[in-house]
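Below: the structure, in structure tokens.
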Amino acid sequence: MSRPGDLWWKSAVVYQVYPRSFADSDGDGIGDLVGVIDQLDHLVELGVDVLWLSPVYRSPMDDNGYDISDYQDIDPIFGSLESFDRLLAATHDRGLKLIMDLVVNHTSDEHPWFVESRSTRESPKRDWYWWRPAREGMSAGDPGAEPTNWRAAFAGSAWQFDETTGEYYLHIFSTRQPDLNWENPEVRQAIYTMMRWWLDRGVDGFRMDVINFISKDPALPDGRALASGPYADGGSHYVCGPRIHEFIAEMHREVFADRTEAVLTVGEMPGVTVDEAVLFTDPARAELDMVFQFEHVGLDHGDGKWDVRSLDLRDLKASFGRWQAGLADVGWNSLYWNNHDQPRVVSRFGDDGADRVAAAKTLATLLHLHRGTPYVYQGEELGMTNAPFATIDDFRDIESIHAYDELVAAGRSPHDVLTALRAMSRDNARTPMQWDASKHAGFTTGEPWIAVNPNHVEINAESARSDQGSVFHHYRRLIELRHTDPVVVHGDFTMLLPDDEQVYAFLRRLGDVELLVVANISTDEVTADVPEADAWARSVLVLGNYPVSKLLVRDIVLRPWESRVYRRA
Ligand code: NOJ
């Protein structure tokens, strides 16, 4: 089944704004919607097509807005429905689309649905959430009496005991993010009604938060024990659970199927496999346009994300190669390095020292030349880096703070935990956008809610926009290439040199046109030993990050973090 305007997003590039950290227009230290309006021309100059706005709904901000207490209002720290409408109009005036974050696996504990649900066991909304008594034979509130042994994503048990009614509720994330019960058709209808309301208001689609967690096995079995700690991984009972495709297809029928406008739907899906992703994104099944998978951003995790390992380039190639192949004929990839949950890619997989500019450009080239829809996270286009957090007091994120408390209590040294947080904390993505070299990087005239990275004096949008050799202009050229060369969008993909530990190389082909992408993921000088290297070396260089002379060239010798895109027809 297809709908009008279908597949426009295949040639689009999406830019994610995390409003809290983007631009503050009123000096309270927190970014807001008017701030986004003020900076829209930055996105226009970059050339992106779609703006994805992280949650701006009314929220107690336990998880920075991923805990929603009113789906149909804007939180006053960000603005109002009136400023939202102005942003939407300003976005559309510039030829951009705007997609909202949709967080419907859970609500805030302050959402009126939950307030009512928790008030008595007889509440008509009781069954809108997952309430269960204590484990059989145990007393509610006792250690180990939780209904299942599942661990919550932000530490501790996934069940919270509630004194009022003497039962537990399920929260896969924080205790203030109770999970909605999608088994209940009233819940689903309430959500679809709300989604239609936003589409009627003019938004162009949704990024759906952990949407593959909405179907749980209603038997709620215990999970597999984890390497450490008292709780277990319940994922096999809620990641792509038994009714997930039924729910997503129903959502499509109820919300999207009859719309005449061109919308975009992308499902965030931790733990999704290639085979599942094909099912979710097969247009004939009418579920979603694309999904965010997590495989490549887990390659530097050991026993969890706080056990940091260095990346083996061969693993990265194997992972991307598998996803490219798996979605080659049916379905579609989304491509990302960064978002508000990931550390900055130039620090993580690149080099944020002397080779920062070359590394940021090369990582961008690799991602944007794969087949799929690329996502750029605010500041990525400047080569923004991880932050120099000194102590635990510098962190703001609930996940980082809970992890610190839990790991230190379990005996890991504070120094060791801080080292892991510095590498992996989500706060690395959340330091304010670096607009200029002034105090607080031009983000706010007040005190920022989280410290600005001191390197903003060097790394900032103002200087990047005026320097044709900047990371910003490299992203701009990559986006333009996608818009002008159909091989980037539609070409097939062949990974080369899968066993090379330093070179990442691949081919794209559409009819008689071929692109070769070669990249040096190291600080050594390396020779890219690709087939027909001498012929390629004399073909058209579409894009690179170093000056290249073609005189007498036979090999492709790459300098530290050098990358090139060659084209032949
Ligand atoms: C995924 C979001 O990207 C993350 O920021 C959030 O904490 C969880 N889902 C819970 O909503």
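Taking only the stretch 163-180 into account, find how many residues are surrounded by fewer than 22 Cβ atoms within 10 Å (Cβ to Cβ) and away from the ligand (no atom under 14 Å from the Cβ).
Here the count works out to 5.
Any residue that is within 16 Å of the ligand (Cβ to nearest atom) and either crowded, with 16+ Cβ neighbours inside 10 Å or under 30 Å from Thr484 (Cα atoms) (or both) - is there at least one of those in the stretch 37-50? So that I can check it myself, show each step before the final result.
Filtering the stretch 37-50 down to residues within 16 Å of the ligand (Cβ to nearest atom) leaves none.
No - not one qualifying residue is present in the stretch 37-50.
Considering every residue within the stretch 364-371, establish whether at least one is of a type in the set (Ser, Thr, Tyr) and over 19 Å from Asp300 (Cβ atoms).
Checked the stretch 364-371: at least one residue is of a type in the set (Ser, Thr, Tyr) and over 19 Å from Asp300 (Cβ atoms).
Restricting to the stretch 267-276, count the residues that are within 12 Å of the ligand (Cβ to nearest atom) and either under 17 Å from Leu51 (Cα atoms) or among the charged types (D, E, K, R) (or both).
Number satisfying all stated conditions: 2.
Being within 15 Å of the ligand (Cβ to nearest atom), modelled with pLDDT of 95 or more and of a type in the set (Phe, Trp, Tyr), is that true of even one residue in the stretch 121-139? Break it down into steps so the answer makes sense when it comes.
Pass one, the stretch 121-139, residues within 15 Å of the ligand (Cβ to nearest atom): none.
For the stretch 121-139, residues within 15 Å of the ligand (Cβ to nearest atom), modelled with pLDDT of 95 or more and of a type in the set (Phe, Trp, Tyr): absent.
Being within 19 Å of the chain's Cα centre (by Cα) and either in a helix (DSSP H, G or I) or within 16 Å of Asp204 (Cβ to Cβ) (or both) is the filter here; which residues of the stretch 17-35 pass it?
Val17, Pro19, Arg20, Ser21
If I go through the stretch 36-77 residue by residue, how many of them are aliphatic (A, V, I, L, M) and assigned to a helix (DSSP H, G or I)?
Number satisfying all stated conditions: 6.
Taking the condition of being under 17 Å from the mean Cα position of the chain (by Cα) and either part of a helix (DSSP H, G or I) or without any contact (Cβ under 8 Å) to a residue 40 or more places away in the chain (or both), how many residues in the stretch 273-292 meet it?
First, pick out the residues of the stretch 273-292 that are under 17 Å from the mean Cα position of the chain (by Cα): 273, 277, 288-292.
Those left that are additionally either part of a helix (DSSP H, G or I) or without any contact (Cβ under 8 Å) to a residue 40 or more places away in the chain (or both): 273, 277.
Residues flagged as under 17 Å from the mean Cα position of the chain (by Cα) and either part of a helix (DSSP H, G or I) or without any contact (Cβ under 8 Å) to a residue 40 or more places away in the chain (or both) within the stretch 273-292 amount to 2.
Are any of the residues in the stretch 78-91 farther than 22 Å from Thr265 by Cβ and either within 15 Å of the ligand (Cβ to nearest atom) or among the β-branched types (Val, Ile, Thr) (or both)?
No: the stretch 78-91 contains no residue that is farther than 22 Å from Thr265 by Cβ and either within 15 Å of the ligand (Cβ to nearest atom) or among the β-branched types (Val, Ile, Thr) (or both).
Among the residues of the stretch 162-177, which ones are touching a Ser or Thr at 6+ places or on another chain (Cβ under 8 Å) and more than 21 Å from Asp70 (Cβ to Cβ)?
Thr164, Thr165
Residues of the stretch 91-125 being in a helix (DSSP H, G or I) and surrounded by 19 or more Cβ atoms within 10 Å (Cβ to Cβ), which ones?
Across the stretch 91-125, the qualifying residues are Thr91, Trp113, Phe114, Ser117, Arg118.
For the condition within 16 Å of the ligand (Cβ to nearest atom) and outside any loop (DSSP other than H, G, I, E, B), what is the one hit in Ala403, Ala420?
Values: Ala420 fails: within 16 Å of the ligand (Cβ to nearest atom).
Going through Ala403, Ala420 in turn, just one is within 16 Å of the ligand (Cβ to nearest atom) and outside any loop (DSSP other than H, G, I, E, B): Ala403.
Considering only the stretch 383-400, state which residues are more than 16 Å from the ligand (Cβ to nearest atom), of a type in the set (Ser, Thr, Tyr) and over 28 Å from Phe472 (Cβ atoms). Please lay out each step first, then the result.
Taking the stretch 383-400 and keeping what is more than 16 Å from the ligand (Cβ to nearest atom), we get 383-394.
Narrowing the set further to residues that are of a type in the set (Ser, Thr, Tyr) leaves 385, 391.
The one that is more than 16 Å from the ligand (Cβ to nearest atom), of a type in the set (Ser, Thr, Tyr) and over 28 Å from Phe472 (Cβ atoms): Thr391.
For the structure I just gave you, tell me whether Gly144 is at positive phi, away from the ligand (no atom under 16 Å from the Cβ) and of a type outside the set (A, V, I, L, M). Steps first, answer last, please.
Working: at positive phi: yes; away from the ligand (no atom under 16 Å from the Cβ): yes; of a type outside the set (A, V, I, L, M): yes.
Answer is yes for this residue.
Would you say Glu268 is touching a helix residue (DSSP H, G or I) at 6+ places or on another chain (Cβ under 9 Å) and charged (D, E, K, R)?
The answer is yes for Glu268.
The values are calculated or read from the model by the stated rules, or taken from the named source; none is laboratory data. Values in this document were obtained by computation on a predicted structure and should not be read as measured data. Glycine gets a Cβ as well: all are built from the backbone with ideal geometry, and neighbour counts include every protein chain shown.
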